[in-house]
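S.K.: For reference, the structure I am asking about is given below.
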Amino acid sequence: MPFNTPTSPHQLAPTSITRVMLLVILALVPGIGAYVWFFGWGVVINICIALVTALGCEALILKLRQRPVLPFLSDGSAALTAVLIALTLPPLSPWWLTVIGVAFAIIIAKQLYGGLGYNPFNPAMVGYVMLLISFPREMTSWIPPSALADSSLGFIDTALFILFSTLPDGVTFDALTEATPLDSLKTHLALGNTVDEVRAQLGLEEEASRILSVIPIFGAIGGKGWEWVGGGFLLGGLWLIYQKVISWHIPVATLGSLFIASSLFYFIDPEHYATPMFHLFSGAAMLGAFFIATDPVTAAASNRGKIIYGCGIGLFTYVIRTWGGYPDAIAFAVLLMNMCAPLIDHYFKSSVFGHKKG
Amino acid sequence: MTSAPLRLWDFHGGVHPEQHKLISTQEPSQQARLPRRLILPLHQHIGEAAEVVVEVGDTVLKGEKIARANGYVSAPVHAPTSGKIVDIAEYPIPHPSGLSALSVVIESDGRDQWVEYSPEQDYTEVNPSHLRNIIRESGIVGLGGAGFPAFIKLNPGSQKKIKTLILNGVECEPYITCDDMLMREDPQSIIEGMRIMRHALQAEECVIAIEDNKPQAYESICRAVKGIDGVHVALVPTRYPQGSEKQLVQVITGKEVPSNGLALHVGVVCHNVSTAAAVYRAIHLGQPLISRLVTVTGEAVKRPRNLEVLFGTPIEEILQQCDVEREQIERLVMGGPMMGFALHDISLPVIKTTNCVIAATRAELGLDRPVMPCIRCGACADVCPVKLLPQQLYWHARARELDKAQEYDLFDCIECGCCSYVCPSNIPLVQFYRFAKGAIWTQEQEHKKSDQARQRHDFRLMRIEREKQEREAKRAKKKAPRAKAAPPKAPPVDGEKMAAKMAERATEARESAAAARKTEIQAALERVQAKKKRAASNNSGATTGTATPTQPGNLDKTDDDASGSDSNQKVQ
């Protein structure tokens, strides 16, 4: 009997999309841990709701598109999108917010464009932006970090609230929630206050004096609690670079350009512009730089292209955060640069071996 | 002397696949058993197939030439053992296409009797061109796997000065250990071969490159080169595909061989260590290339090792000698796992380029993994040693956008397989590139064919027109007996240039005939004749474009540009 004669190579590296996606999800764990520590169990419940929704939607559409369901469901990409969206939502979001966002991301932003590998925009960010525009009130009702909260909810209470919008007696939703540091900063600066006044109001002063000894130039790092979440994502991101799942280009370019832009304005006018560290460790900067901007499907491909792409995200983020209408801007910046990725790829090719430039 | 440690350079990309080399280095290499029947394809190398010089029924001695080189890029084939030619016919050959090719079948007489041969006493007194000739006549081709006739790469030409001769003992593909074993067991042949090659090339220095996963080979070669001037032994860090010529030249010399160029162009020549040993045998012993070391390995092989195998030996026989469990074999690969190709049959013969035979089990290959869509992760671009963008090439090859694929330098792809190896989506990228290359070649051939067809068509139209012209001229002659000149007789048609001239002539003649009847015929013919003379006097140069006014309905061909561009000659 003749043997099969598939073509070379006959030896393959032990890798797969599933492995890549699972490593990324694993790298999110430190950040998620910090999140739970400071903001309660809400995020875990959101992640669970998002996972169920994402896998359900993915399976449904794959079935309708007559594609093999199991290989695509097990590739981990839908799960990753779900986790990322859940991480961008306020911890006490009602369940339907998560469901709508994730369903939109998977069905519209991913599957309708052709599924894995074919979506021009980052599905998680499309889902997030859709929610932000459609449900601004729900999307900005964050809870303060536990240390600052007057009252906080346990796991059961959180679950009950997310699922049924019921709160324990004597607790009101308004008492639980508060704007994010980025949001407050924006609001207060608009009212004519200086950064220091805002920080004092946010209870960041003691934090500032604590950290001042470490980083005297920049004062308090980010918003309270937020810097730990950011730090968690930074840790996970560095591990991904170490594991060679992502390259350093996009995170370094994103954070670097954000840092340079914010330093510039901070040194010009420290009264009205937040510190660079505040920008790096607030909002979704770390999550965005390491986990969202690095989505290979929607990013630029070449290394030089990745640097341009990352710089674009950093700069857009700073511009929108500082002068735009929304407190955080990673999502908008990522989507804007997603649009530019094909163009960047077109202009930034590496020089092929043996082709001297001339 | 191996002087100061050689500075090594880096090459882009590359991968570190699992080595699997220890499998076949546990036993010393051995002689393979003499087979009863040997099948010798005439095409065991890059270039033209050799031409048979024996007939069925002839008896041949070991080392006797049975097929001669056919053209410059070709290599002769010799009888690996003594015996009788029993068949000359098409046999399946070990080739990725799985096709058959003309082969000579020898039935061994068991005596293995050598033909008389004449070794050179002292190569240093032999003219390099004579050395090259012996190497050519010995049928030596590159034994690293490509099989390019070796003498060509020993001919630097008159203007080129060769600085460095690199002996490639890198053996970067997993599984293969034949060069490793040769370097361990017979370093002397390699070094002697290297001296001959160096003499033939008049190279300043020699570098023997060995990957650091072969410490024993390195030691052995180092011992053998002691005391020889201008020879370095470079221990290079293991990374696939370092053994690829252009990559190795970069690692050793830091020079980038130009695309479409040869190592020669940067003053470097690169030969495999086994080729050097074969050159030594050809010059010092007078023996042609009739056998080689073959690694027999893979998990279906119980006693994996290296065997010195006569060309033409069926793979089945060497597998048997190494105790292969036939039913265990899931895939039979000739060459390494990265670039080798799978064989469909166990009875195919060992040829000059067979460096390794892998009888792989199912467990060894891993389960078939599903092919997923590209997620543009860029892992392929990171490992590409040619710095291509495999992703873009893939999209264009898949969409059959062949022009775009070429824009992305498809033909610079060396098909090393690194991109496919690392792809998390298991996309058979190399296969897409092979397909695109094939499609482009086919397209080009079709272009050539259609160009030829159009040319033939143009000639036909011209011939018809000329005959018409001749008839008219005859008629005119009858009517005007004063006209002495014969109608223009077409010179032999030999290309577009002449075609253009004829068209011009026909145009002019016909124009005048139509315009001015009897009275002007003579003048017209004179003009034609003058033209003919002129053409005859400078027919070596291209006819310059003489713009003839085009009259609709009067001409079959416009003749705006007769400089040879086919596309400008429109047929109306």
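S.K.: Keeping to segment B:252-264, report how many residues are crowded, with 20+ Cβ neighbours inside 10 Å and over 20 Å from the mean Cα position of the chain (by Cα).
M.R.: Of the residues in segment B:252-264, the ones crowded, with 20+ Cβ neighbours inside 10 Å are B:252-253, B:257, B:263.
Next cut, over 20 Å from the mean Cα position of the chain (by Cα) only: B:252-253.
Total satisfying the criteria: 2.
Listed here are the residues, each with its yes/no results for (1) over 25 Å from A:W228 (Cα atoms); (2) assigned by TED's automatic domain parsing to the domain that holds A:L131; (3) in contact (Cβ under 8 Å) with a residue 24 or more places away in the chain; (4) touching a helix residue (DSSP H, G or I) at 6+ places or on another chain (Cβ under 9 Å).
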{"residue": "A:F278", "(1), (2), (3), (4)": "no, no, yes, yes"}
{"residue": "A:G312", "(1), (2), (3), (4)": "yes, no, yes, yes"}
{"residue": "A:F316", "(1), (2), (3), (4)": "no, no, no, yes"}
{"residue": "A:A333", "(1), (2), (3), (4)": "no, no, yes, yes"}
{"residue": "A:L336", "(1), (2), (3), (4)": "yes, no, yes, yes"}
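S.K.: Let me ask something additional. Could you check how many residues of segment B:367-376 are at the interface with chain A (Cβ under 7 Å from one of its Cβ atoms) and without any contact (Cβ under 8 Å) to a residue 24 or more places away in the chain?
M.R.: Total satisfying the criteria: 1.
S.K.: Report, ordered by the first and then the second residue, all pairs with beta carbons closer than 6 Å, sequence separation of six or more or different chains, a first member in segment B:417-438 that is within 7 Å of chain A (Cβ to nearest Cβ), and a second member that is buried (at least 23 other Cβ atoms within 10 Å of the Cβ) and of a type in the set (F, W, Y).
M.R.: Sorted first by the residue in segment B:417-438, then by its partner, the list stays empty.
S.K.: Within segment A:114-165, how many residues turn out to be outside any loop (DSSP other than H, G, I, E, B) and at pLDDT 90 or above? It would help to see each step written out before you state the result.
M.R.: Let us first name the residues in segment A:114-165 that are outside any loop (DSSP other than H, G, I, E, B), namely A:123-134, A:136-140, A:142, A:155-164.
Within this subset, residues satisfying the condition of being at pLDDT 90 or above are A:123-134.
Total satisfying the criteria: 12.
S.K.: Okay, next question. Please give the strands (runs of 3 or more DSSP E) falling wholly within segment B:138-239 in which 3 or more residues are more than 23 Å from B:T354 (Cα to Cα) and touching a residue at least 24 places away in the same chain (Cβ under 8 Å). Lay out the reasoning, then the answer.
M.R.: Details: elements: B:164-169, B:205-211, B:231-236.
In segment B:138-239, B:205-211, B:231-236 are the strands (runs of 3 or more DSSP E) which contain 3 or more residues that are more than 23 Å from B:T354 (Cα to Cα) and touching a residue at least 24 places away in the same chain (Cβ under 8 Å).
S.K.: Next question. Please list, ordered by first then second residue, the pairs with beta carbon atoms under 6 Å, 6 or more apart or interchain, first in segment B:15-26 and within 25 Å of B:S420 (Cα to Cα) and within 14 Å of chain A (Cβ to nearest Cβ), second part of a helix (DSSP H, G or I) and aromatic (F, W, Y).
M.R.: Once the first residue is within 25 Å of B:S420 (Cα to Cα) and within 14 Å of chain A (Cβ to nearest Cβ) and sits in segment B:15-26, its partners that are part of a helix (DSSP H, G or I) and aromatic (F, W, Y) give B:V15/B:Y421.
S.K.: So, one more: Looking at B:I351, B:I346, B:I414, can you tell me which residue is farther than 27 Å from A:N119 by Cβ, part of a loop (DSSP other than H, G, I, E, B) and without any contact (Cβ under 8 Å) to a residue 40 or more places away in the chain?
M.R.: Of the residues listed, the single one that is farther than 27 Å from A:N119 by Cβ, part of a loop (DSSP other than H, G, I, E, B) and without any contact (Cβ under 8 Å) to a residue 40 or more places away in the chain is B:I346.
S.K.: Could you tell me whether segment B:40-49 includes any residue that is part of a loop (DSSP other than H, G, I, E, B) and farther than 30 Å from B:A209 by Cβ? Before you say what the answer is, go through the steps one by one.
M.R.: Initial filter on segment B:40-49 (part of a loop (DSSP other than H, G, I, E, B)): B:42-47, B:49.
Then keep just the ones that are farther than 30 Å from B:A209 by Cβ; that gives B:42, B:49.
Checked segment B:40-49: at least one residue is part of a loop (DSSP other than H, G, I, E, B) and farther than 30 Å from B:A209 by Cβ.
S.K.: Can you pull out every residue in segment B:339-355 that is closer than 14 Å to B:A146 by Cβ and within 12 Å of chain A (Cβ to nearest Cβ)? Show your work before the answer.
M.R.: Of segment B:339-355, the ones closer than 14 Å to B:A146 by Cβ are B:339-341, B:351-355.
Of everything in segment B:339-355, those that are closer than 14 Å to B:A146 by Cβ and within 12 Å of chain A (Cβ to nearest Cβ) turn out to be B:M339, B:G340, B:F341.
S.K.: Additional query: Cβ-Cβ distance below 7 Å, separation of 6 or more or different chains: which pairs start in segment B:304-320 with a residue that is touching a residue at least 24 places away in the same chain (Cβ under 8 Å) and end on one that is buried (at least 21 other Cβ atoms within 10 Å of the Cβ) and among the charged types (D, E, K, R)?
M.R.: That search, which allows pairs on different chains as well, returns B:V309/B:R292; B:F311/B:K352.
S.K.: Does segment A:89-105 include one or more residues that are modelled with pLDDT under 95, surrounded by 20 or more Cβ atoms within 10 Å (Cβ to Cβ), closer than 21 Å to A:A293 by Cβ and more than 13 Å from chain B (Cβ to nearest Cβ)?
M.R.: Yes - at least one qualifying residue is present in segment A:89-105.
S.K.: Can you tell me which residues in segment B:377-411 are within 9 Å of chain A (Cβ to nearest Cβ), out of contact with any Asp or Glu (no Cβ under 8 Å at 6 or more places or on another chain) and of a type outside the set (A, V, I, L, M, F, W, C)? Before you say what the answer is, go through the steps one by one.
M.R.: First, the residues of segment B:377-411 that are within 9 Å of chain A (Cβ to nearest Cβ): B:377-379, B:381-382, B:384-389, B:391-392, B:408-409.
Next, from what is left, pick out any that are out of contact with any Asp or Glu (no Cβ under 8 Å at 6 or more places or on another chain): B:377-379, B:381-382, B:384-385, B:387, B:389, B:391, B:408-409.
Once the filter is applied, which keeps residues that are within 9 Å of chain A (Cβ to nearest Cβ), out of contact with any Asp or Glu (no Cβ under 8 Å at 6 or more places or on another chain) and of a type outside the set (A, V, I, L, M, F, W, C), segment B:377-411 yields B:G378, B:D382, B:P385, B:K387, B:Q391, B:Y408, B:D409.
S.K.: Inspect all residues belonging to segment B:160-169 and state whether any of them is surrounded by fewer than 20 Cβ atoms within 10 Å (Cβ to Cβ) and under 28 Å from B:Q19 (Cβ atoms). Break it down stepwise before answering.
M.R.: The initial filter retains those residues of segment B:160-169 that are surrounded by fewer than 20 Cβ atoms within 10 Å (Cβ to Cβ), namely B:160-161, B:163.
Going one step further and asking which of them are under 28 Å from B:Q19 (Cβ atoms), we end up with none.
Scanning segment B:160-169 turns up no residue that is surrounded by fewer than 20 Cβ atoms within 10 Å (Cβ to Cβ) and under 28 Å from B:Q19 (Cβ atoms).
S.K.: What single numbered condition from (1) farther than 30 Å from B:Q113 by Cβ; (2) in contact (Cβ under 8 Å) with a residue 12 or more places away in the chain fails to hold for B:L285?
M.R.: Going through the list (1) farther than 30 Å from B:Q113 by Cβ; (2) in contact (Cβ under 8 Å) with a residue 12 or more places away in the chain, B:L285 breaks only (1).
S.K.: Right, another one. Considering (1) part of a loop (DSSP other than H, G, I, E, B); (2) under 21 Å from the mean Cα position of the chain (by Cα); (3) surrounded by fewer than 24 Cβ atoms within 10 Å (Cβ to Cβ), say which one B:F435 fails and leave the rest.
M.R.: Evaluating B:F435 over (1) part of a loop (DSSP other than H, G, I, E, B); (2) under 21 Å from the mean Cα position of the chain (by Cα); (3) surrounded by fewer than 24 Cβ atoms within 10 Å (Cβ to Cβ) leaves (1) as the failure.
S.K.: Another question about this same structure. Could we say that B:I318 is outside any loop (DSSP other than H, G, I, E, B), out of contact with any Lys or Arg (no Cβ under 6 Å at 6 or more places or on another chain), within 8 Å of another protein chain (Cβ to nearest Cβ) and of a type outside the set (D, E, K, R) here?
M.R.: Values: outside any loop (DSSP other than H, G, I, E, B): yes; out of contact with any Lys or Arg (no Cβ under 6 Å at 6 or more places or on another chain): yes; within 8 Å of another protein chain (Cβ to nearest Cβ): no; of a type outside the set (D, E, K, R): yes.
Here the answer is no, as B:I318 does not meet what is asked.
S.K.: Could you grab me the full set of residues in segment A:327-358 that are facing another protein chain (nearest Cβ under 10 Å) and either in a helix (DSSP H, G or I) or crowded, with 22+ Cβ neighbours inside 10 Å (or both)?
M.R.: Across segment A:327-358, the qualifying residues are A:A341, A:D345, A:H346, A:F353.
Each row is one residue, and each column tells you yes or no for (1) among the hydroxyl-bearing types (S, T, Y); (2) crowded, with 24+ Cβ neighbours inside 10 Å; (3) within 14 Å of chain B (Cβ to nearest Cβ).
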| residue | (1), (2), (3) |
| --- | --- |
| A:V69 | no, no, yes |
| A:S77 | yes, yes, yes |
| A:A109 | no, no, no |
| A:G115 | no, no, yes |
| A:P136 | no, no, no |
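The values are calculated or read from the model by the stated rules, or taken from the named source; none is laboratory data. Note that the structure is a prediction, hence the values are computed from the model and not measured. In this analysis, Cβ positions are derived from the backbone assuming ideal geometry, glycine residues included, and neighbour counts consider all displayed protein chains.
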